There are 2 protein chains.
Amino acid sequence: MTSSRTNIAASLGPGGEFDIIRAMAARWGARAVGLGDDAAVMSVPRGDSLVASVDTAIEGRHFRREWLSPRDIGRRAINAALSDLAAMAATPLGVLVALAVPTEWRASLLDIADGINDALTSAGTVIRGGNISAAAELSITTTALGSVHRALTRSGLRPGDRIYVTGELGGPQLTIDALSDGATPPELALARFVNPAPRLAESRWLAARGATAAIDISDGLGQDLRHLAAASTVRIEVDLQAVPRLPGVSARDAVVSGEEYELIVGAAGELDVVGFSRQFGIPLTEIGRAIGLASDGPGVDLMEGGTRVAIPGGHDHLSN
Amino acid sequence: MTSSRTNIAASLGPGGEFDIIRAMAARWGARAVGLGDDAAVMSVPRGDSLVASVDTAIEGRHFRREWLSPRDIGRRAINAALSDLAAMAATPLGVLVALAVPTEWRASLLDIADGINDALTSAGTVIRGGNISAAAELSITTTALGSVHRALTRSGLRPGDRIYVTGELGGPQLTIDALSDGATPPELALARFVNPAPRLAESRWLAARGATAAIDISDGLGQDLRHLAAASTVRIEVDLQAVPRLPGVSARDAVVSGEEYELIVGAAGELDVVGFSRQFGIPLTEIGRAIGLASDGPGVDLMEGGTRVAIPGGHDHLSN
């Protein structure tokens, strides 16, 4: 109880924890920047705003060790945090990583570090600091820092706006269902579960071409559309059958599948879906429209053959 | 496993977690800013750099529930994180708070929120986002964001620089020793343990008057002097008997007492200790000098009556 914490941004003095931090920093190489002070110091491009978000991945809550390697776990934790920057069309400035590490995970820390490095490399960003503590369960809390000139927001939808979604949904849910049943998930679905990508470049491309609103899909399309509708004070009408999904995924499963890290975007005009697909190799699909408030307030209308159907329920993070 | 996280910066839709977040945000009132998007957006003053740090407080590792109220725990977690900004002479822009909450702690969340609010109010800053998850043990991971024109750094010491420390040390260690023995700690010591303050205004005052190097005391004076010496590639010679301490604290205990959140600062010239004390109501005490590297490399020489004495050992955060 004498002392409380260790910044990765420490001077790496003597002691076991410092050896571990030093070994992790060696894995990161040039992707570790400015570790050596109480806090990271960086520049935000002139005229840009700072964008900051924090995201936690906890063993047994957000991931299962049987389903993911330590490297996967490290990579996914960083990518999930970076996805919040993508939702704002921000450019990453770097991440801070707070690790809480049980004894039985210490031998896996360098593999986790490699996964962190994978995500940093893909996103072209760096780790600027962090913190390591002993704990009863593994958790990785990532702060993503970025900059943006004009952010996409959840509140940016107006009645009449078109609603699009990137990529093809359902892979993570299909994988979880298969693994829970002891079955082998389809390869494409498994790849989406193990290695989701934050849509950073995609988001900036869309913001530069007319998108004004966005949210990333972490809770599931249905739930995240609700967040978007609530923040924008609109209703959103979605054509269930238009929802893009991987082969073998039902429309319903595509709506509830979480941890997709695809983007829902809104735009007043038509977005260039062909140009998008050519640029990024994934589809951009129009799935519905924002409409004015009905008597029942902000929300989502999921339509199938002209009939409104129930939206599969959301997920309470405190109850899982 | 369907979904992974919830930003406090969410649109506060339906569900138990959102009710909790909404209730916490109500406690924060105007101190909660911009909760409602995937990430916080803020401005860094033109010409300033961004400063960012992350700090984790875990139940049973960094605090004990028997010793601190939930409100104390919330306040201390934020203050510890803000102390990293103080070490850089940065001005806070806000904090992000990631809470991992076991079922048995849910009833205490509003008290923790009140403690967070206490710290935000004292520092004149705000909460700009966060995250809440279920977990096996309570942890509070705080990202402190700030801005600075010219940061104090650990590497800013030069041979000949004077070394100062703010406040009076030993209160936390004295309190922990007393509580561990089932005794009642002295009032002043207990206050230093329960409610340490980040030296934000003090640090900016010192930076404006010639300080060039700083570190906050989290691991203990001896250990943090080592970090400073290592980062600056100097030796630091400290007069043990000059170390300012609370009544009843031995010099040795003052050197090992952690979680002080007082500052060690270095300056080429003499700092205005009288003006400092008049301004802030706590002492600023010169305790030693930086000296050139001896054959034994960077480090700390603790001197007592002209004799070098051993420095009480550091603390490994992974082994506690």
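At A:Val33 and B:Thr233, where each label point lies 7 Å from the Cα along Cα→Cβ, what is the point-to-point distance in nanometres?
Computed distance between label sites A:Val33 and B:Thr233 equals 2.3 nm.
If you put a point 7 Å past Cα along the Cβ direction, how far is that point for A:Glu286 from the same point in each other copy, in nm, smallest first?
Result for A:Glu286, in nm, nearest copy first: 7.5.
Using a 10 Å cut-off around each Cβ of peptide B:229-237, what is the average number of partner chain Cβ atoms that fall inside?
Other-chain Cβ atoms within 10 Å of each residue's Cβ, averaged: 2.
Could you provide, to the nearest whole Å², the per residue accessible area of chain A with probe 1.4 Å?
33 Å²
When a/c reaches 1.5 or more, the comparison of a/b and b/c decides; with that in mind, is chain B rounded, prolate or oblate per its Cα gyration tensor?
Here chain B falls in the prolate category.
From the label point of A:Gly269, set 7 Å along Cα to the beta carbon, how far off in nm is each other copy's matching point, shortest first?
Spacings between copies for this position, smallest first, are 6.0 nm.
Chain pair A, B: how much accessible area is buried, both chains summed, with a 1.4 Å probe, in Å² to 100?
7200 Å²
Using a 1.4 Å probe on the protein chains only, how many percent of the accessible area of segment A:216-320 belongs to carbon and sulfur?
Exposed carbon and sulfur together represent 48 percent of the surface.
Among A:303-310, B:59-66, what's the highest-first ranking by average C-beta atoms within 10 angstrom per residue?
Result, highest mean Cβ count within 10 Å first: B:59-66, A:303-310.
On a 0 to 90 degree scale, rounded to 10, what angle separates helix B:109-123 from the longest Cα axis of chain B?
50 degrees
Along Cα→Cβ at 7 Å, what distances in nm separate the B:Arg22 label point from those on the other copies, shortest first?
For B:Arg22, the other copies' label points sit at 5.2 nm, shortest first.
Need one number: % antiparallel among DSSP beta bridges in the protein assembly as shown, to the nearest 5.
DSSP beta bridges in the protein assembly as shown are roughly 75 percent antiparallel.
Restricting the count to DSSP beta bridges whose residues both fall in chain A, what percent are antiparallel, rounded to a multiple of 5?
About 70 percent, rounded to the nearest 5.
Could you work out, residue by residue across B:282-293, how many beta carbons of other chains sit within 10 Å of that residue's beta carbon, and then give the average as an integer?
Mean number of neighbouring Cβ atoms from other chains: 0.
For a test of the definition: using alpha carbon positions, the gyration tensor, and the 1.5 limit on a/c, classify segment B:205-320 as rounded, prolate or oblate.
The shape class here is rounded.
Which percent of Cα pairs goes in each bin when the distances of the protein assembly as shown are cut into 20 angstrom slices starting at zero?
The distribution over the protein assembly as shown is 20, 52, 23, 5, 0, given as percents.
Applying 1/(1 + (r/R0)^6) with R0 = 30 Å to the Cβ-Cβ distance of A:Thr103 and A:Ser43, what FRET efficiency is obtained, to the nearest 0.05?
Result of the calculation: an efficiency of 0.15.
Other chains near A:85-94: what is the mean number of their Cβ atoms within 10 Å of each residue's Cβ?
Per-residue shielding by partner chains comes out at 2.
With n ≥ 4 as the cut-off for DSSP H runs, can you work out [θ] at 222 nm for chain B, using -39500 (n - 2.57) per run divided by the number of residues, rounded to the nearest 500?
-9500 deg cm²/dmol
What number comes out for the charge environment of A:Thr307, summing +1 per Lys or Arg and -1 per Asp or Glu over other residues with Cβ under 13 Å away?
Residues near A:Thr307 contribute -3 overall.
Expected output is a single nm value to one decimal: the length gained when fully extending between A:Asp181 and A:Ala310, i.e. 0.36 nm times separation in residues minus the C-alpha distance. What is it?
43.8 nm
The values are calculated or read from the model by the stated rules, or taken from the named source; none is laboratory data. Owing to the predicted nature of the structure, the values given are computational and were not obtained by experimental measurement. With ideal geometry, Cβ positions are generated from the backbone for all residues, glycine too; neighbour counts draw on all protein chains shown. Surface accessibility is based on the protein's heavy atoms, side chains included, excluding ligands, DNA and RNA. Shrake-Rupley method; radii C 1.70, N 1.55, O 1.52, S 1.80 Å.
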